[in-house]
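Q: Take this structure first; my questions come after.
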Amino acid sequence: MGEQLLLVEDDVEIARVIQDTLRQEGYGVAWATTGLEGWEDFQQGEYDLVLVDWMLPEMDGITLCQNIRWKSDVPIIMISARKEDADKVEGLGIGADDYLAKPFSLAELKARVSSQLRRWRRYNGLEEEAQQADYSNELTIDWQMERVFIKKEEVALTRKEFELLKLLAQNPERIFSKGELYQHVWQQPELGDAPTVAVHIKELREKLKDPVKTPRFIQTVWGKGYRFIGERL
């Protein structure tokens, strides 16, 4: 990694936790305590992502976000104790790419930073296809070797089960109907409401120890199909 991040946060304790967490992930993190200081730091340095608190002295987070956006397309994550939808809409409306409501988990922080940086690298043509992906609940998928691990123990999947998991995981949150999954994985036109897909999803869930009622990876969207909800780390 080695990407350079700018954190603009006036709460010392929160800033230290964020800074320590992200540095442990391999990022360089500069810290500014006021909006004005953050704006000056941004103009003087080169950053791959900016985390901005909403409430800041000297220059509030909204103004800082607007200033940054006029100058750069760098990813911005707005941090705020405000949880109302209207506040989130305002933050995203002025140019923020994501919104992180306090209090938040460190796992969520890392996931959102990683996600925005992946998009930024892809936008700049720097994204290389990773050989494997790690998800919450200790799921690892090795795309190149077509192997899957839970808690570092390999899960023996059939070719179709792996292709189903790959299609869902590489399109997170997208809902696929049974017909779409059949067409993509079996590469054949949909044949009515055949149980083929449902049977393979059931077996895949059992091998991933992913219960239907409290899914960690594959969620059933009743009447529509399935989607992958695993959180990438």
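The values are calculated or read from the model by the stated rules, or taken from the named source; none is laboratory data. Source: prediction; values computed, not measured. Methodologically, a virtual Cβ is constructed for each residue, glycine included, from the backbone with ideal geometry; neighbour enumeration extends over all protein chains shown. Just the protein is used for accessible areas: all its heavy atoms, side chains included, with ligands, DNA and RNA removed. Shrake-Rupley method; radii C 1.70, N 1.55, O 1.52, S 1.80 Å.
Q: Sorted from largest down, give the three principal axis spans of the alpha carbons of the range 149-233, whole angstrom values.
A: Taking max minus min along each principal axis of the Cα atoms, the range 149-233 gives 37, 24, 21 Å.
Q: Of the cross-linked pairs K102/K209; K152/K213; K102/K166; K178/K213; K152/K224; K110/K160, which ones have a Cα-Cα span greater than 28 Å in the structure shown?
A: Too far apart for the 28 Å limit: K102/K209; K102/K166; K152/K224; K110/K160.
Q: Something else about it: Which semi-axis lengths, in whole Å and largest first, follow from the square roots of five times the eigenvalues of the Cα gyration tensor of the chain?
A: Largest first, the chain gives 39, 18, 16 Å.
Q: Roll a 1.4 angstrom probe over the protein heavy atoms and tell me the percent of accessible area of the chain that is carbon or sulfur.
A: 47
Q: Let me spell out the model: positive unit charges on the Cβ of Lys and Arg, negative unit charges on the Cβ of Asp and Glu, origin at the Cα centre of the chain. What dipole size does that give, in debye rounded to 20?
A: Here the chain has a charge dipole of around 1200 debye.
Q: Rounded to the nearest 500 deg cm²/dmol, what is the calculated helix-only ellipticity per residue at 222 nm for the chain, with -39500 (n - 2.57) per DSSP H run of length n ≥ 4?
A: Per the formula, -11500 deg cm²/dmol.
Q: How much accessible area per residue does the chain have, in Å², with a 1.4 Å probe?
A: 55
Q: Another question, then. Restricting attention to the range 160-232, which GluC sites (Glu not before Pro) occupy a DSSP loop and are surrounded by at most 12 other Cβ atoms within 10 Å?
A: Filter output for the range 160-232: E173.
Q: I need the trypsin sites (Lys or Arg not before Pro) found in the range 95-167, filtered to DSSP loop residues with at most 13 other beta carbons within 10 Å of theirs.
A: K151, K152
Q: Ok, one more. Restricting to Cα pairs below 8 Å that are 6+ residues apart, what does the relative contact order work out to for the chain? Please round to a whole percent.
A: It comes to 13 percent, rounded to a whole number.
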